[in-house]
Structures are given as C-alpha cells and as structure tokens.
C-alpha cells in the first residue's frame, strides 16, 4: 500500500533546487500532489512506496524551478519587430503610441497574451508579472493557458485605450481587484502606474492608496532613461526617486522597473523603503536606455528580479537569453568578470523574481510545500555538452528551446515541446490577422 | 524537356539574399547544381521547365545565406563551462592554460571539433574560421562533417601542445599549408599568431612572411583587453597596433580578432592597411575584456565579421545569439539606439564575414554563381510571430534552434533538425569521456 498517491512523479535528472543553500540533487526525485511539491530527495535514497498517476523520466534533464519573468507587456507581441533601431522618442511617438491608440482593444490584448504565453511556456517561464491596458483580458488568458500571473492594470494620465475617462479610473481599479482577488494562487491582481512622467502626483498617490487598501503590488517604470530625470527635475525640482519617496508611494509592496540611472542616494532610498527592482537588460540595451547598477543593488540587499519587457523593445520573451545578457552586460560595463555570477543570475530569474513579486513562499524553488512550478531542460544536446556546472550551463549555454517539459501548479502545460493548454496554430493565426490590420493602416 | 536538371530546388519561402542591394524575394526559388546556386528568382515568375533530384518546400521559412563565424577555437567545447565568472588571469593561468597543456592532443581536437560542428550546423553556421593547435585535425573534421572552414594553425612562443620545439615551427607551417592548399573550396589553410604578447617580433614576422609566400590569411588576437596595451608598451615602447604596423605584418590578408581598445589612430592604420576585424561581442562581454568600436570601424570602411570565440569564453557557438548581442551592446554603450541596425549586423554575420575571410566571391549571399551555402529558418513559430521585418526578426527574435535545414556547398547537412553528416550521440559521448578525464585530474 503506497504511503501516498502522487499526481506526478519526476524520477531521475539533476534537481537544481534554487533553495537557500543552493542544493543540487543528482538523480533526483520530485513528488507532486494537488499542485504542491510533496517530496524532493535523491532518487536512490530509500523512498517510501509511492504510486503516481503520471511518472516522468527526468534522466538527461536538469529539473529547475519555472522561470519568473517580472516585467512584461504581453500584448505587445503584436508589435514585435514593427519598428526597431530608431531614436527612442521617434519609436514611441511615431510608432508605438499611435499603434497602441489604434489597435489596442480587449480582443487584441487577449490574442497577444495567448501567443505570448505560448512563447513563454516554450522557453521555460511559468510565472510572469504583466502590466498593460485591458489587463483583465491578460488574466483571463493566463487562466485559459494555465500560467501563473501577476496581472497589473495600467494607469496613466493620458487617455488610455481601456479607460478614456480619467474620473472613472479609481472605480475601474476597484472593479479590477474585486474581479481577480479570489483567483489566487494563479492570478494576483496588481496596479501599474506607467511612470512618474506620465502620471501626476495625484494619480501616483491615489493608485498607491488603492493598492495599499487592497493589499496588492504597485508597479511603476522608473529611471528607464536619462530624459526622465530632466523632465521630473524640471517639473518637481527633484529627481524621480526622491519625487516618489516624497509622495509616500515607496514601500516593500512597490516594484520599480528598470532603474537604469539610480544614484547612491536613490539606492539608499530603495533599500530603506524595501522597494524591489525589475531588471530588463535586453530591452534597455536595445533602446539604448542605460544599464541598471544591479550588482550594487544586490550588495545593498535590494530585491532584484529579471524581466524581458515587452516584445516591441526586446524582441522576445525568452528568459534564458535574458539571463545570458544579464550575466554578461554588467561584467563588461564594469570591466569585472566576477560580477553577476551564473548562480546570482539564476537566482534573479527564479527565487529572486518570486521574492520581488511577494510569491516566494509559494514558488521560486523546488522545495517541499511549494507550488509545483517546474521545468525540465534537456541537457543531452551538443551545445550543452559537456556539463561541468549546472548554473553556468543554464545561464551561458542553454536556450529557451531546450526546455522539454513544463509544469505549472502541478499541471503539465507542455510535454516534449508540445503545448497542452494552447491551440498554437490558432493563436498564431489570430495575431497574424491583427498584424495585417496594423500594417494596412 | 527541362532546360536544366538541378540537384536541389528550394521552392517557396522568403529569400533574404544579402546581396549588395539587400534584395528580399517573397515566394522565392533557388536552384542548386554541382554545389553552386544556378538560379534565384521569384517562384511565381515564369521559370523555364526544370527538374530536380530533390525539391525542398521553403514555405513558412526565411531562406538565408549560411552564417559565417569568423573566430572560433572549436576544440575548446571540451572546456565549456569548466571555469566561469573568474578574473581573466586566474581563468587563463589557473584553468585554461593548464587544461590545455594536459588535455589538448590530436584526438581531443578532432572530437571537440566534430561536436562543435554539430552545434554550429544546428544553429545555422555553414562556414567558420578556426584557430587552434593540431589544426589539421579541425580541417579533417570539417571535411568529414561537410562544413566550410578556414583552418588557421596556431603559433606562440611558449611550448604549444602540438609543436613543442620552436625551431621546427616554420617547417610545420609549410607542411600544414602543403597538406591543405588543394582542398579548396571546402578548406582554406591560414596561420594564426596567438597575440603580440605571446609571439615575439621574430615569430610575428616569420609567420606573416610564410603566409604571404603561401598566399593565405594571417590572424592574430589584438587588443582584447587593456593589459595587453601596457605589456606591449612596456616591452616595445609603442602600442600593439603600431607595433604590428612597424613589423610590417598588417595588410589586407591580415585579420585582427577582438580590437576592443582601438584608438582613432589605430583605426586609421587598420583602414589604411586593409586589415579586417573579427568582432566577438559575447566573449568580450563575459570576460569583461571591453567592447570594440564597431560602428566607427564600419564607418571608416574596415571589414568587420562576427565571431563567437571559443566555448570556454562565451559559452556557445550560436551566431543568432551573437547577432542579437552585437546589435544591442553598441546601442547601450553609446546610448544611441540607431547604431548597428539589424541589417548591418546580419551583413556582418553573412557577406561581411565572407569578405573578411576573402571568400565573398564564393559565399555570403544567395546569388547565382555563388556556392550553395544556405540555411532555412522556420518562421512559423510563436516567438517569430508576427513577421513585419525579416532583418529585425532574424537578429532580435530568431534563435539557432529555429534553423530547420542547412545546405553547405550544395549538400544537405541538416534536414528538419536532423544532422546528416555527424553521428551526434557518438560525438557527445566522445567529448563526455574527455570531460571525465579533465574533471578527474
């Protein structure tokens, strides 16, 4: 008689647990029941009798916690590659903002989000934090695709596609939270103020107040590029971090995205208030926005997660590429090859991202009691041979396409590269039709 | 009666020709006969009757010239991920050099090269320029795998694994050229002086003289990091470029690899003498070596090709990742998002690399009369949807794993991701056995 019937067992493979002690278990065993990890241990230790509805052979694989993408604008996959290599303001004002004004609607957001989730699952992401308009459609898509999401409804003082009337903004915010607050652990609602330069002090404060009342995360772009500093200093007589601090919107339920131009004083404020940072190196490289001082932030104890940003500025959602870039860019900028080790970067992409999103009690590592968000990377491939060091191989050589199987909340969403929750041809066709409209206008 | 019997026809797909006028042909047609491209045109134009031994359906694909990796040390795949995130001198002196002294032999070079070629073919490279010891074994592997190679025998003044006696160096060089000079167009022999700091003026000059006599390329690492400048200035009272110029070894059959710390005067010398440059951004980022002023070099008319460097310092041979990094790193370093457009980078990875290797009359673009080195990228995938701009998609979103089929010199070496010239399980097993020895010592 088995001591426990499992839903899924992964037997064999190398468990890179990302636990606090960085435990790596060769020939591992993971038991999953009711969406939770119930056992992790070496496969050859005496394991009490068990049975499982499904047993997955992990041999030849690295078993890793699912990757956490802490900043996306998923529906922007519809604009992927539409306008590249342009000056920032020309890109925004002549291409992205007009395309958004014309084409962003609920259907586009849902269709883009589904395609984006296909791409994310196929490249190892199991949890994302998205910020856009019509965010309910993103949350609906996440439920349909079986992905774990922090869905942040966007706010700005210009007329947004989903909320043209500013006066009704806070009522819409209330409705958004009420709709999604009971969908834990798969959906976590949050608020996203676009930036200190597109949101007035009133909006920044009102949205933060509502976020505090609802007990949810509050996100904002911050210090993406140098122009922002000039704009805010001219408008408010202080730099953007000080501006937000004086408004009282910074605390440990606030996430600042980018932070490419932090001063030491800014970092002190972030560290003191407990604000976390989402680092999006590839987007900032491509837009020539700047490079966040991540090594110094980590040294000061600031939570930093990794993110891809939207596909208009990256142009993909592959967290493996993002890890590779994160590990390399800080080294060359500082001319110090010891910065941002593979292990540090892998932490940022897993448990660090989970901590940033306040989900680290639930995900981010393979440990008993956590939700079963697990990916399996096929290491039996030429570009992953030989294998001396798992952390190094995952960051510097593995690619999204090497993820073979993905489990989210104890459900297999991809097996042997086949998506089980998404009709991929339909998802691509729907976005291609949207793209045809975008081109023709 | 067909006007011509082709060996292979690719019908359909988007031809990104990389011709001088950047022609892109929708619904294209490529005819291949005796290793050569005999026809390229739109598929729906009136094509004279033809027959082909093999017809490949190109629909849903971008058809691109095979990528040219202008700098590799292929056998170093055996050291992939062995030692990362370390200070440069510790990495070299405590890890790489001792491992090379112990483990580099003809068998290791051949086995590493075959595994590396599997990785390269699977990620779209069709031509490479390799520089290592026992380089004949790399050339033999290239012949066996059906890859096009510039094989550069390495020279240095320390005892190299394959040529411990300095006195016999030039005789060995002669033998190397004589062995390989008749293997065009698949193998092109070349010489590689490791660097100005590991090669004496006498070696630099002797090897260049022999290269000139043989009419072959002469490569050297140059200005990879700042220490080299100090070393050479201390030793010779001038900077490394001036040092090589004064020795008379710089001309349009010389390739300088890295060039991260070129001054304006250095660039003038390279432009005046016709020296080309191999740019290896990912390796230089990871080693924190520096970033070459590539946009400025291109503006001055210097030939620049793209390369991955060896797998101890990258850690992969994927030219798609290299293109992505090349397009992004210069933008952020210069805070100018218009630098290094996708098209510029794609040129560097194809026709530019071919030009650097003096092979542009033969490869680097899909044009009638050139050798048929062609790759097909499957764009019918979520991360490549929608498709507004081929250049942008190839550089910023495509991955090596998206290459479906690869043709080198008119022979199909990979079809539907299956390697046809390499026994992949055996290649991985052989390198894994070498890695076990490396670990155990």
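Structure notes:
- Residue A:136 being in a loop (DSSP other than H, G, I, E, B), at pLDDT 95 or above and over 14 Å from the mean Cα position of the chain (by Cα): no
- For segment A:152-167, a tally of residues being within 17 Å of residue A:107 (Cβ to Cβ) and in contact with a strand residue (DSSP E or B) (Cβ under 7 Å, 6 or more places away or on another chain) returns 1.
- Screening segment A:392-429 for residues that are facing chain B (nearest Cβ under 10 Å), farther than 27 Å from residue A:368 by Cα and assigned to a helix (DSSP H, G or I) and picking the one that is nearest to the chain's Cα centre (by Cα) gives A:401.
- All told, residue A:191 falls short of being touching a strand residue (DSSP E or B) at 6+ places or on another chain (Cβ under 7 Å) and at pLDDT below 95.
- Residue match in segment B:210-218 (condition: touching a strand residue (DSSP E or B) at 6+ places or on another chain (Cβ under 7 Å) and either more than 16 Å from residue B:251 (Cα to Cα) or not assigned by TED's automatic domain parsing to the domain that holds residue B:101 (or both)): no
- Test result for residue B:181, over 24 Å from the mean Cα position of the chain (by Cα) and either surrounded by fewer than 20 Cβ atoms within 10 Å (Cβ to Cβ) or assigned to a helix (DSSP H, G or I) (or both): no
- Residues of segment A:150-173 include at least one that is in contact with a helix residue (DSSP H, G or I) (Cβ under 7 Å, 6 or more places away or on another chain), in a helix (DSSP H, G or I) and crowded, with 16+ Cβ neighbours inside 10 Å.
- So residue A:112, is it out of contact with any strand residue (DSSP E or B) (no Cβ under 7 Å at 6 or more places or on another chain), closer than 22 Å to residue B:393 by Cβ, in the same structural domain as residue A:190 (by TED's automatic domain parsing) and modelled with pLDDT of 95 or more: yes
- Of the listed requirements (1) more than 14 Å from chain B (Cβ to nearest Cβ); (2) touching a helix residue (DSSP H, G or I) at 6+ places or on another chain (Cβ under 6 Å); (3) more than 24 Å from residue A:75 (Cα to Cα); (4) surrounded by 24 or more Cβ atoms within 10 Å (Cβ to Cβ), residue A:306 misses just one: (3).
- Note on segment A:431-441: residues that are at the interface with another protein chain (Cβ under 10 Å from one of its Cβ atoms) and touching a helix residue (DSSP H, G or I) at 6+ places or on another chain (Cβ under 7 Å) total 4.
- Hits in segment B:128-147 (condition: in contact with a strand residue (DSSP E or B) (Cβ under 6 Å, 6 or more places away or on another chain) and within 27 Å of residue B:209 (Cβ to Cβ)): B:128, B:129, B:130, B:131, B:132, B:133, B:135, B:138, B:139, B:142
- Complete set of residues in segment B:313-337 that are touching a strand residue (DSSP E or B) at 6+ places or on another chain (Cβ under 7 Å) and either part of a loop (DSSP other than H, G, I, E, B) or within 7 Å of another protein chain (Cβ to nearest Cβ) (or both): B:317
- Subset of segment A:344-383 that is within 14 Å of chain B (Cβ to nearest Cβ) and without any contact (Cβ under 8 Å) to a residue 40 or more places away in the chain - its residue that is surrounded by the fewest Cβ atoms within 10 Å (Cβ to Cβ): A:381
- Members of segment A:186-216 found to be touching a residue at least 60 places away in the same chain (Cβ under 8 Å) and in contact with a helix residue (DSSP H, G or I) (Cβ under 7 Å, 6 or more places away or on another chain), listed by number: A:186
- Verdict on residue B:72 being in contact (Cβ under 8 Å) with a residue 12 or more places away in the chain and more than 14 Å from chain A (Cβ to nearest Cβ): no
- Per the listing A:436, A:368, the residue uniquely assigned to a helix (DSSP H, G or I) and farther than 30 Å from residue A:257 by Cα is A:436.
- Qualifying residue in segment B:80-90 (condition: in contact with a strand residue (DSSP E or B) (Cβ under 9 Å, 6 or more places away or on another chain), crowded, with 23+ Cβ neighbours inside 10 Å and modelled with pLDDT of 95 or more): no
- Considering (1) surrounded by fewer than 24 Cβ atoms within 10 Å (Cβ to Cβ); (2) under 19 Å from residue B:355 (Cβ atoms), the lone condition that residue B:294 does not fulfil carries the number (1).
- On inspection, residue B:38 passes the criterion of being more than 30 Å from residue A:323 (Cα to Cα) and either surrounded by 15 or more Cβ atoms within 10 Å (Cβ to Cβ) or within 14 Å of another protein chain (Cβ to nearest Cβ) (or both).
- Just so you know, in segment A:279-289 the residues that are touching a helix residue (DSSP H, G or I) at 6+ places or on another chain (Cβ under 6 Å) and over 22 Å from residue B:391 (Cβ atoms) include one that is farthest from the other protein chains (Cβ to nearest Cβ), and it is A:279.
- Against the list (1) in a helix (DSSP H, G or I); (2) within 14 Å of chain B (Cβ to nearest Cβ); (3) in contact with a helix residue (DSSP H, G or I) (Cβ under 6 Å, 6 or more places away or on another chain), the condition residue A:94 fails is (3).
- Per the listing B:235, B:300, the residue uniquely touching a helix residue (DSSP H, G or I) at 6+ places or on another chain (Cβ under 6 Å), farther than 22 Å from residue B:153 by Cβ and surrounded by fewer than 15 Cβ atoms within 10 Å (Cβ to Cβ) is B:300.
- Residue A:292 vs. criteria under 19 Å from the mean Cα position of the chain (by Cα), assigned to a loop (DSSP other than H, G, I, E, B), more than 8 Å from chain B (Cβ to nearest Cβ) and modelled with pLDDT under 95: no
The values are calculated or read from the model by the stated rules, or taken from the named source; none is laboratory data. As the structure is a computational prediction, the values presented were derived from the model and not from experiment. Because the Cβ atoms are built from the backbone with ideal geometry, glycine has one as well, and the counts that use them run over all protein chains shown.
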